[in-house]
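Encoded as structure tokens, the structure appears first; notes follow it.
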Amino acid sequence: MERYQELIRGAASHVLLGTDELPADLLIYPGSFNPLHVGHMHLLRSAEQLCGRHGLLELSIKNVDKPELGLDEIERRLEFIFEPVILTRAPTFIEKAELFPGSWFAMGYDTAIRLIDPRYHPDVPAMLQKFQSLETRFVVAGRLHNGLFQSLENIQIPTGFEELFISVPEELFRMDISSTELRKEVRLAEPTLQCEEDRSCSVGSMSREGTPRKFKGTPPRLDRVFQQYDSPLYFITFNTMHRRKLLHRREIHQAFVAYGERNVPDGRAIGRYVIMPDHIHLFVRIGEESKLSDFIRLLKQALTKELRSLKIDDEIWQPGFFDRLLRHSDSYFEKWNYVYNNPVRAGLVDHASEWPWQGEIVRIDRV
């Protein structure tokens with residue numbers, strides 16, 4: 001909260017959420033993310049794949065033609081961003097490039113059009129020369145526009161500046177749906193919470209053979225772990241390095257659940273979770289005597305040990321993790337509804353209950 005206030009006051013130029021440091025090969029995807037949807041993430045992943053850089057979302061609290069975001073609006077925008085994100089006060093691409101020299105930017109066709117439009121930038125050549133001096137480049141994805149698929153090839157780039165722009169091939173990224181339609185689709189796709197009556201999503205326990213099985217009855221309730229209800233509840237996300245798909249396997253699920261069960265007697269409780277191929281979402285209730293960073297560090301170590309036994313020797317984890325302190329019960333249920341359906345949105349299963357690498361270790365029913 002204090003970091004957001006510093007950004008609003010101008011005492012900080014940017015705030016990192018979900019990561020401790022910026023990668024040297026930074027690819028930034030700026031946006032309003034109101035809300036973040038599947039189209040945004042597909043574009044960023046396609047740009048990462050094309051240029052081999054490490055992508056991060058960027059949300060500026062200042063906008064050229066709209067009011068500055070206040071604290072409540074910042075928190076609302078971040079409510080469903082489960083990825084590392086940079087908060088800035090840089091509304092224009094020149095300001096962003098100056099803040100992060102050497103960085104590249106991912107963008108869509110419409111944004112690229114506006115970037116070189118003299119109505120927005122009176123001296124476009126001077127602006128592009130500045131980008132050259134900052135070693136900035138732009139990775140541009142196409143979109144359906146007026147019934148035709150439009151891409152970088154349909155934009156007249158000023159002569160001498162063509163190398164600043166890289167086109168994302170249509171076969172790598174194409175989504176023929178508007179942001180408005182995507183937002184509507186995401187809202188309609190989010191089901192009501194099924195886990196209270198339907199135990200199909202409580203696949204947190206494992207048999208000794210390591211195959212997922214449902215809990216007998218229900219997971220232990222939180223009031224059996226904590227004598228008071230003032231311990232904070234966090235929503236956590238952490239990613240593999242370069243989003244490598246390493247985690248959707250029996251051994252990792254088994255190690256994850258074992259770690260969670262070992263920590264329950266010490267007042268560190270994992271509630272619901274989803275293990276995706278390249279990242280993990282989990283809800284953690286942790287006592288004041290414990291450090292969240294230590295808990296996640298040791299969890300990563302436990303999972304790393306399993307991956308090493310599978311002969312995976314490269315660097316595994318992206319530094320740091322994303323954490324959000326939940327403030328009311330609706331936050332928990334709303335976030336779980338969204339996270340529960342991640343495997344469906346990723347095209348891994350048809351129904352969320354079919355994804356085997358998810359579950360609930362301790363029943364958390366209040367924030």
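Laboratory data are not the source of any read-out in this text; all were calculated from the coordinates shown. Here the structure is a predicted model, which is why all the values come from computation and not from measurement. We place every Cβ from the backbone using ideal geometry, glycine too, and count neighbours over all the protein chains shown.
Taking the average, over residues, of other Cβ atoms within 10 Å as the packing measure, peptides 99-106, 137-144 rank 137-144, 99-106 from highest down. The fraction of all Cα pairs in the range 237-367 landing in successive 5 Å bins from 0 to the largest distance is 2, 10, 20, 24, 21, 15, 6, 2, 0, given as whole percents. Less than 5 angstrom separates the built amide H of Asp25 from those of His54, all sequence-distant by 5 or more or on a different chain. Taking a Cβ cut-off of under 14 Å around Leu56, the surrounding Lys, Arg, Asp and Glu residues balance to a net charge of -2, with basic ones at +1 and acidic ones at -1. Of Lys300, Lys311, Lys335, Lys305, the sequence from fewest to most neighbouring Cβ atoms within 10 angstrom is Lys311, Lys305, Lys300, Lys335.
Put in line by how crowded their Cβ is, counting other Cβ atoms within 10 Å and starting with the fewest, Arg77, Arg268 read Arg77, Arg268. Working from label points 7 Å from Cα in the Cα-to-Cβ sense, the Arg174 to Arg76 distance is 3.7 nm. Beyond 27 Å between alpha-carbons counts as too far, so tell me which of Lys62/Lys291; Lys96/Lys291; Lys245/Lys305; Lys291/Lys311 fall in that bin. Result: Lys62/Lys291; Lys96/Lys291; Lys291/Lys311 exceed 27 Å. Taking other C-beta atoms within 10 angstrom as a stand-in for reagent exposure, His40, His14 fall in the order His14, His40, fewest first.
Using a simple spin-label model with pseudo-atoms 7 Å out from Cα toward Cβ, Ile94 and Glu2 lie 3.6 nm apart. The residues packed around Glu68, meaning those with a beta-carbon under 13 Å from its beta-carbon, carry a net charge of +2 if Lys and Arg are +1 and Asp and Glu are -1. A crude spin-label estimate for the pair Met241 and Asp123, with each label 7 Å from Cα along the Cβ direction, gives 4.4 nm. Here's how it looks for Glu58: its modeled amide H is under 5 Å from those of Tyr29, Gly31, Ile86, which are all 5 or more places away or on a different chain.
Of all DSSP beta bridges confined to the range 2-185, the antiparallel ones make up roughly 25%.
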